[in-house]
Each structure stands twice: as structure tokens, then as C-alpha cells.
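For reference, the structure discussed in these notes is given below.
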Amino acid sequence: MKRVLVICEKPKAAERVAKALDDNGAPREAKSLGVPYYISRREDKELIVVSALGHLFTVTADRRGWSYPIFETKWIPIHEVTRSRRASNHLRLIESLAKEADEFVSACDYDIEGSLIAYNILAHILPAERLKDAGRMRFSSLTKEALLEAWRKRSGTLDYPVIEAGKARHEVDWIFGINLSRALMSSVRRAMGRFRPMSIGRVQGPTLNFLKEREVEIRTFVPTPFWALEAYAVIDGRKYRLEYYRPYMEREREALEIASRCDGENGYVELLSSSRRSIPPPNPFSLGDLQHEAHRVYGYSPTKTLKIAEVLYLKALISYPRTSSQRIPPSIDLREILHGLRGIEAYRELAVGLLSRTHFRIRQGLKEDPAHPAIHPTGYYEERLRPHERRLFDLICRRFMASMGEPAHTLETDAQIEVKGYRFHLRGSRLIDRGWMSIYGPFSKYKEETLPPLKHGQIIERISVRAERRNTKPPPRLDQPSLLKLMEREEIGTKATRSEIIETLFRRGYIEGSSIRLTDLGLAVVDALEKYCPEILSPELTRYLEKQLERMQLSETNSALVLKDAVEALKPPLYKLKERELEIGLEIGSALGSPSHVEGSLGSCPRCNTGKMMIIWNKRTGKRFAGCSNYIKGLCSNSFPLPQRGEIKACGEACPICGAPLITLKRGRIFRKLCVNHECSYGRGGEKHGR
Amino acid sequence: MNAAMEGVVKNMEDRCLICNRPRMSGGQLCRYHQQAYDRLMDAFISWRTALNVDWRGFLEEVLKLPEIGEWAREVAENLLKRAQ
């Protein structure tokens, strides 16, 4: 009997594959080195189904030591880097099982990473002549039907163009990441004399730059006033809001004049019009759409949504979630899925309604993914779902069914009301046919505004009008889903890596908060890179490399050329960084509280009256104090200890008691105004210095 | 004071009036505070048209608004102090 070694990406997937491929649906479970694997019988073959743990190999430098630049890489087992015994055991088990196998099949997720995971393992354990006979199963969900179909249609070779693209992507990202991150860390170490983990890469750079542009926009924002007319009318005992035909006015006088003329006056319905509007059903979810919607509806971060979606995929409840497609191809049997959903109490009625139609039509989005369809339910259900899994599953099911729904229709009514020659509008919107919204239910965004029955020429009595002053607002801060959308629109990163990139920026302390705010450190990193190597912040470079990697998948270019291109693109900015390490380190160090930097002036020195008192950080102790700038000229050695915690800013005033500069000390939300002279009593309530 | 510190202290004369960032050449502010200053100047034109306020009145009013950006606030505070 022939033995086939089937390699899956994760243990849960291996269990599903083994069950699906076993003739009786009951594979034998075995365990070795603490790693489970499965033995299935399929026709005349014995299938040994074993799993990896995601990537079992990783890129590293081909030489030892902490230095840069490094442009030569090699792939090694990941446990040699992480010291993970579990990863080591998985690899050892696969190696030993491979010795008894006659055939090899990759059943990892059908995407770049999945293809690469299986390839790296097989390339490690097989000689080249046997590697070329290894096969590949391609599937978009882990249901029995999908896996059997994938087994029947498995290819006789691995998908080499995809593997080459995957290898090149890892190597390019590694080369960019390690060199640029080491350049930053080395700069900071040189300037501050201490190590701090930092990172920057070909996607992190442009992402951070987008955030910086928004941050500058917000921090330099100056509001300007404008006026809007707030008008209300009471009709049949209910209050309705009227809109003046101009949404805003720039002059106060004009707004006040109209308000005073119209307030308390009667108006009449001059024109009445209504139109029917059709709202088409939404398209099924791509990963980006799902992450955005899950954040809107449940407040889940993109990373959390992806994790939950992966769990649902491994339970074979939904299709593969790492997809950028918004389309469901004709090969997917919609009727079959709806039959499955009919078995779930919550969707029974909706599924029956859709199944009663003579033909099925699904709203297709614009984006396509050659490997996978849009995210959709498989038609299976498991009772034992955690609350957040159940919630996301519900969202996916309803969206899928809603995309098969009929358009919704609203009746939009606009009553033009004239008051003393000024034009106001009373607008309403009423849902006359819920269509797909009845399926999407609580997740629909539509808000109804009903109007009373109105007639042409009808008098509207005593309309209240007042001018209200408002101020322009700064652009909103980006949150994680909107940043994800921005990255998607700018074509930087991949659907699988974008949320990880954002997480890394948080972890490094470059950004903070749910409404993302760039920290001083993040700003200092962008500033330094912008000054010395702006290429790293430009989305052009990373976009170009993405295009090259995509061309590789189509066999239009090869990995050697792409890697050469990437290295050539990286060399100029990297050498510039290396040359200016100290300056860059000092700039970034200032945001980290560098021990050797001097902050702005606090005010005039009370002793010499010509120097300025500066905040100086002692390089040895890391503590701050106020020192006279004339010290360098040997003219004055005046200094004061300063509180070591909290943010210190100059007040721009001299102390009325001793004449030394006054400072504000901010700790959390508490501000204190005190004299820089620690011996002076101004604003001091037992504050200790120099601690 | 060591040589590195001397360099740093020399450098401090090229620092922004408000923060620790380097000054723009020929100016007294760093690029961000300068940008905030430019936006204050632009906004003043709109404020003057809308409310007929003078420069000082504008600064006092704009500082009361929560929408004002952090850097714009610092510049406005500094300008107001000088105006006083």
C-alpha cells in the first residue's frame, strides 16, 4: 500500500483533513514527540496527515553578529532562533514520517504563506529529485466536500511561482526590516549609551508617515467660526428640524439678520417633491470589509477579527478569511450553503425565503482575489461557539445572505418652505421596501426620518429660527480599521500583514490610543527618517516592490532580480543612515528622554542675567537639572535641581520672590506652577527635587 | 562640561522658541510650530471677516476653543504673552 505524507498548516486543520479524506471518516490518531498525527485510509492509499505550526523555517543572516548592513540571507529551522521545543518536535516528527512515505502532498492554506510553509519543510527533508513530485491540494474552506474535491483535483507539483514570490517577500522584508531597525537601534545606542528595541520596515515607514501627516494636521489646526441656522417647526404636535438652503455662513451679521427676520414667523410649503431611491445590497466581505464592519458593529480590532475569523475557518464554518475578494464565483453552490444555513434556528426563515426564489443572484464587489472567494459561511454550524465567535459568525452569515437580497427602497421627501423670502427645507426618508436590510437586520446603518403629511401651499406656523455659531473641526484621528483601509487604498502591505504592522507600531511605542495618536517617539522617528532618508517613508518604494512580487507569482520576473532590485533600492538610504547615526540618535533620543540632550530655555538666569536656564540631562545619572547656558563660556555655573517626574515647561515669567524663571510641572492631568529655584517657596508645597 | 555637552549647549541656540526641535532657517520656530503659526495667520483673516476682531482678541478667543491643535495653542499662547 502506498503511503502519502500530507502536510497541513495547523494541528486543527490536520484533524479536519484527516477526517475528510478517510474513507470511513474515522482516521487513527497517533502521537509522537507530543505531536499528534493521523493515519487515514483512502482507496488504496494510506495517508499520514501531519501538521506544521505555521512557519517552521525562517530567514536569518548568513553570518553571526549584531551588525549591519546585511544583504545575504539563509533559511533555517525556526526553533534555532526561537528555541521552541514544540516547533522542533513538529519538524523532527515530519522528518521521521517522511522516511516511510512514497508520496508527498501539501494541504496547507492555499495562499503564499501556506505554499511556502509546506515547501520549506519538504525542501528540508527531501532530495531535489523527489521534491518535484510533491503535490498540492487547493481549497478555500475546510469542509469535507471542499477537501475531497481538493484531493481529487490535487496538482502533481507544488505551486512554484507562488513559493518563489513568498520566499522573496520574506527575504525582502527581512533585509529591509533588519537593516533599517538595526540602523535606528545603533543610532540610539550611540547617542544615548543604552539599547532600546526599535523597528522600521518597508511597510512600517510609509504607514507611520501617513499617521504623522494626520497628526501634524490635527496639532496645527486652528478652528474658524461659521454660522448655521437652527430652525424648527412644530407640525401636528411634533417637532421637526428644518435646514436652511445654505448649510453655513461665514459672517455672523448675515446669520443674525436672517434669524431675526424669520424667527417666530409663518412659512408655507412652496414646493413638495418626493422620489424613490434604491439602495443596492452590500457585497460579501473581503477581509478588510469584515475587519471594518466588525469594528463598527462590535468594536473589535482588526487583529482580533482576523483571529476569530481564523478560528471559524479552522472549524470549517466559514471560508478562508485572508482574502481580498468581494466576489463569490459561480463555482460556489449558493443553494447548498443556504440549505446548510436553513438548519440553523436563527437563519431558518431567512434561508427559506432566499431558497424559495427561482434563481439566485449575489451582489458582487469590485475586488477580486485569484486564490480565494469572498468570505462566506460554509453552511455548517457548531453549537459550542464562544460569544465573540458567535457574533462574528452571525455578521458573516447575515452579510452573505444580505448580499443575495433584493435592493431596499426608500421614499425621499423634500418640502421647500419659504419663510419671509428665505428658503428652508424639511427633508425626510422612509423605508418602503426593506429588501436586503431585513436580512442584515441590526447591522444596517439606515436611519429613518419620517415627515408629517404635507400639502402644497400648507402654512407652517411659528417657525423658530436662531443663528448658531460653530467652529470648524480638525480631521478625525484614524482608528485601526480606518488605517487599515488607508493602507489597502495606498496598496502597502498585504491583507495578511497589515494588521500585524499596526500592532508592531503600537508595541514599539510609536503610536497610542484607540483614536491613534502619534507619540513623541513616533514623531521623532519619522522626522529623522524624513530628514536623512525620505525614501523609507515613501509608499512608492514599497508599492513598486509589491508589484514586483505580484509579477513573480505570474512568472513575469524571478526572485533573484526582485531581491537585487530591493537591495539596490535599500542601499542608498541605509548608507545615509549609517553615516548620520549620531545625529539621528540625538534626534530620536530627545523623544526618549536622552541623558545628553538639552531642552528649550526656561527663562533668564537669575544670577548672571545674560544666560538662559536650560533643562539639561545628566548623561551618567540620566537625571535632569536646570543649568545656565553661560556655563560653556565659563561665565556662570548657576544650576538648580528639577523634579524628575512630569513634563516641565517654561511659563515665560520670572518668580516674584527670587527672580528665577517660573515653570509648569504637568503630572498626569495635574498642572503646578512653581519656581525653578528649589530654595524659593513660590508654588512649592513640599516638592522634592533631584529624586 | 565635556565636548559632547558643549556641542549640545551650542546647539540649543538653534532651538525653537517653544520646543526642543531645531529652528527653521531664518526663523525662531521649528517646522511644526511655524506651520501652526502660518495657520494662525490664515485663520485670523477668516476671523476678522467673520467677527471683526483684532489680533489680540482673535488669540484670546481661539485659545478658548477645544478644537485648537496642541502646537497651534502653544504658538497662540506665546504670541499672546508677547502681545501683553
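The values are calculated or read from the model by the stated rules, or taken from the named source; none is laboratory data. Predicted model, so just to flag it, every value in this text is computed and none were measured. Counting neighbours? That spans all protein chains shown, and the Cβs are built from the backbone with ideal geometry, glycine included. The protein model used for the area step is the full one, side chains on, heavy atoms only, and it has no ligands, DNA or RNA in it. Shrake-Rupley method; radii C 1.70, N 1.55, O 1.52, S 1.80 Å.
Phi-derived couplings, Karplus 6.51 cos²θ - 1.76 cosθ + 1.60 at θ = phi - 60°, listed residue by residue for the range A:492-499: 10, x, 10, 4, 7, 9, 4, 5 Hz, with x used for Gly and Pro. The lysines within cross-link reach of A:LYS420, meaning a Cα-to-Cα straight distance under 22 Å and a gap of 8 or more places when in the same chain, are A:LYS239, A:LYS455.
Counting only other residues whose beta carbon sits under 14 Å from that of A:ILE279, what net charge do I get with K and R as +1, D and E as -1? Let's see the in-between values first.
Details: positive: A:ARG276, A:ARG277, A:ARG363, A:ARG430, A:ARG434, A:LYS445, A:LYS447; negative: A:GLU406, A:GLU412, A:ASP433, A:GLU448.
Charge balance in the 14 Å sphere: +3.
Binned at 10 Å from 0, what are the whole-percent values of the Cα-Cα distance distribution for the range A:2-158, short to long? P(r) over the range A:2-158, rounded to whole percents: 11, 41, 33, 11, 4, 1. Taking the three principal axes of the alpha carbon atoms in the protein assembly as shown, the coordinate ranges are 97, 86, 50 Å, sorted in descending order. Taking 7 Å steps out from each Cα toward its Cβ at A:LYS307 and A:LYS99 produces label points 3.9 nm apart.
State the antiparallel share, in %, of DSSP beta bridges confined to the range A:2-158, rounding to the nearest 5. In the range A:2-158, DSSP labels about 55 percent of beta bridges as antiparallel. Let me know the shape class of the range A:287-402, please: from the alpha-carbon gyration tensor, a ≥ b ≥ c as square roots of the eigenvalues, rounded when a/c is under 1.5, otherwise prolate if a/b is greater than b/c, or oblate. Oblate. Charge tally for A:PRO452 (other residues, Cβ to Cβ under 9 Å; Lys, Arg +1; Asp, Glu -1): 0. Whole-Hz Karplus values for the range A:22-33 come out as 6, 4, 9, x, 9, x, 7, 8, 10, 9, 8, 6 Hz, taken residue by residue from phi with 6.51 cos²θ - 1.76 cosθ + 1.60 and θ = phi - 60°; glycine and proline positions read x. Computed from the alpha carbon atoms alone, the convex hull of the range A:121-214 holds 188 Å³ per residue.
Counting only aspartates and glutamates at least 8 places from A:LYS485 when in the same chain, those with an alpha carbon closer than 18 Å to its own are A:GLU213, A:GLU215, A:ASP289, A:GLU293, A:GLU368, A:ASP369, A:GLU500, A:GLU503, A:GLU540, A:GLU546.
With the simple model of a label 7 Å out from the Cα in the direction of the Cβ, A:CYS658 to A:GLU540 spans 5.6 nm. Rounded to the nearest whole Hz, the Karplus-based 3J(HN,Hα) values (6.51 cos²θ - 1.76 cosθ + 1.60, θ = phi - 60°) of the range A:415-424 follow the sequence 9, 8, 10, 9, 10, 6, x, 9, 9, 10, with x at glycine and proline.
Cβ distances below 4.7 Å define possible disulfide partners, and in chain A the cysteines left without one are A:CYS8, A:CYS108, A:CYS262, A:CYS397, A:CYS533, A:CYS651. Legend: residue pairs A:LYS2/A:LYS74; A:LYS576/A:LYS612; A:LYS649/B:LYS64; A:LYS445/A:LYS547, Cα-Cα distance threshold 27 Å; pairs beyond threshold, A:LYS2/A:LYS74; A:LYS576/A:LYS612; A:LYS445/A:LYS547.
Determine the per residue accessible area of the protein assembly as shown with all protein chains present and a 1.4 angstrom probe, expressed in square angstrom. Write down the numbers at each step before the final one.
Values: 36600 Å² over 775 residues.
With the other protein chains kept in place, the protein assembly as shown gives 47 Å² per residue.
Local charge for A:ALA20 was computed over the other residues whose Cβ lies under 12 Å away, with Lys and Arg +1 and Asp and Glu -1, and equals 0.
So how do A:94-103, A:478-487 stack up, highest first, on mean other-Cβ count within 10 Å? Spell out each step's value before the answer.
Details: A:94-103: 15.5, A:478-487: 20.7.
Going from most to least packed, we get A:478-487, A:94-103.
Quick check: with the 1.4 Å probe, what order do A:THR497, A:THR157 take by accessible area, largest first?
Details: A:THR497 45, A:THR157 70 Å².
So, going from the largest accessible area down, we get A:THR157, A:THR497.
Residues of the range A:197-223 whose accessible area, computed with a 1.4 Å probe over protein heavy atoms, drops by at least 20 Å² once all protein chains are present relative to their chain alone are A:VAL216, A:GLU217, A:ARG219, A:THR220, A:PHE221, A:VAL222, A:PRO223. Helices in chain A, meaning DSSP H runs of at least 4 residues, each add -39500 (n - 2.57). Divided by all residues, the mean residue ellipticity at 222 nm is -11500 deg cm²/dmol.
By the rule of a C-alpha distance below 15 Å, with chain neighbours fewer than 8 residues away ignored, the aspartates and glutamates paired with A:LYS673 are A:GLU647, A:GLU653, A:GLU687. Here the label points at A:ASP520 and A:ASN89, each 7 Å from Cα along the C-beta direction, are separated by 4.8 nm in the simple model.
Relative protection proxy for A:345-358, A:283-296, from highest mean packing down: A:283-296, A:345-358 (other beta-carbon atoms within 10 angstrom). If you take the alpha carbon atoms of the range A:486-535 and fit the smallest convex hull around them, that volume is 90 Å³ per residue.
What pairs from A:LYS99/A:LYS304; A:LYS473/B:LYS81; A:LYS167/A:LYS307; A:LYS167/A:LYS212 go past 28 Å between their alpha carbons?
On the way: A:LYS99/A:LYS304 39 Å; A:LYS473/B:LYS81 25 Å; A:LYS167/A:LYS307 24 Å; A:LYS167/A:LYS212 32 Å.
In this structure, A:LYS99/A:LYS304; A:LYS167/A:LYS212 exceed 28 Å between Cα atoms.
Per-atom-type breakdown for the protein assembly as shown gives carbon and sulfur 48% of the accessible area (1.4 Å probe, protein chains only).
What is the packing order of peptides A:248-255, A:335-342, taking the mean over residues of other C-beta atoms within 10 Å and listing the highest first?
On the way: A:248-255: 16.0, A:335-342: 18.1.
Final packing ranking: A:335-342, A:248-255.
Relative to its Kirkwood radius, the Cα radius of gyration of the range B:3-83 gives an Rg/Rh of 1.10. Once a ≥ b ≥ c are taken as the square roots of the eigenvalues of the Cα gyration tensor of the range A:175-333, is the result rounded (a/c under 1.5), prolate (a/b larger than b/c) or oblate (a/b not larger than b/c)? Because a/c hits 1.5 or more and a/b fails to exceed b/c, the range A:175-333 counts as oblate.
Would you mind classifying the range A:419-520 by shape? Square roots of the alpha carbon gyration tensor eigenvalues, ordered a ≥ b ≥ c; an a/c under 1.5 is rounded, otherwise it is prolate if a/b is larger than b/c and oblate if not. It is oblate, given that a/c is not under 1.5 and a/b is not larger than b/c. Per residue of peptide B:41-52, the mean number of Cβ atoms on other chains within 10 Å of the residue Cβ is 4.
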